[in-house]
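A short worksheet on the structure shown next.
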Amino acid sequence: AILSYKFRTYDKVIKRRREIAKIYQERLSTIEQLKLPPAPIENSDNYDVYQNYELLANSRDELKIHLSKKNIGTLIQWGGKGIHHFTNLGFNQVLPNTDEFFKNCIMLPMNMFISDSDLDYVCETIINFYNNNKKGI
């Protein structure tokens, strides 16, 4: 019953998430200190639904603190650890590329109810952080 209800608005939810991703892409793509996920592709059978908007950011921890001070919530997936760090699950691999990813990954606000003006605020705050923080280069 819950899924039947959710499927009624599925197209609307995905459309809004893709709009949000497009705004992030347009506003943040010129910041060299960020590596964004692939942009939404219009009219494609193969596209991301943007459950999360996760990117890589130089000076990630400082950016997270800065955003928090400006009342912008962010998340760091799995507490910044790859699954191979959970040794009690039986993993003992060395994965340097994954480790590097988890040093820099951060998720920006991504939900149906965020307004375009809130997105502008998030983007401007990130842009100002990197413009005023040469250490983030």
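The values are calculated or read from the model by the stated rules, or taken from the named source; none is laboratory data. Bear in mind the structure is a predicted one, so any value in this text is a computation, not a measurement. Cβ: placed from backbone, ideal geometry, glycine included. Neighbour counts: every protein chain shown. With ligands, DNA and RNA removed, areas are computed over all heavy atoms of the protein, side chains included. Shrake-Rupley method; radii C 1.70, N 1.55, O 1.52, S 1.80 Å.
Overview of values
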{"read-out": "Solvent-accessible area per residue, Å², over the chain with all protein chains present [probe radius 1.4 Å]", "value": "67 Å²"}
{"read-out": "Among L119, Y50, I76 - extreme Cα towards positive end, dipole of the chain, charges at beta-carbon", "value": "I76"}
{"read-out": "Centre separation in Å (Cα based) which lies between region 96-116 and region 22-84", "value": "4 Å"}
{"read-out": "Candidates I20, I106, I114: whichever shows maximal mean-square fluctuation once the chain is modelled as a Gaussian network with Cα springs under 10 Å", "value": "I114"}
{"read-out": "Gain on full stretching of the segment that runs from Q51 to Q25 - 0.36 nm per residue minus C-alpha separation", "value": "7.8 nm"}
{"read-out": "Subset of K69/K103; K35/K64; K12/K70; K81/K103 violating a 18 Å alpha-carbon distance limit", "value": "K69/K103; K12/K70"}
{"read-out": "10 Å-binned pair-distance histogram of region 66-118 (Cα, whole percent)", "value": "20, 38, 24, 15, 2"}
{"read-out": "MRE, 222 nm, helices only [DSSP H, n ≥ 4, -39500 (n - 2.57), over the chain, to nearest 500]", "value": "-14000 deg cm²/dmol"}
{"read-out": "Cα-centred dipole magnitude for the chain, charges only on beta-carbon of K, R (+1) and D, E (-1), debye, nearest 20", "value": "320 debye"}
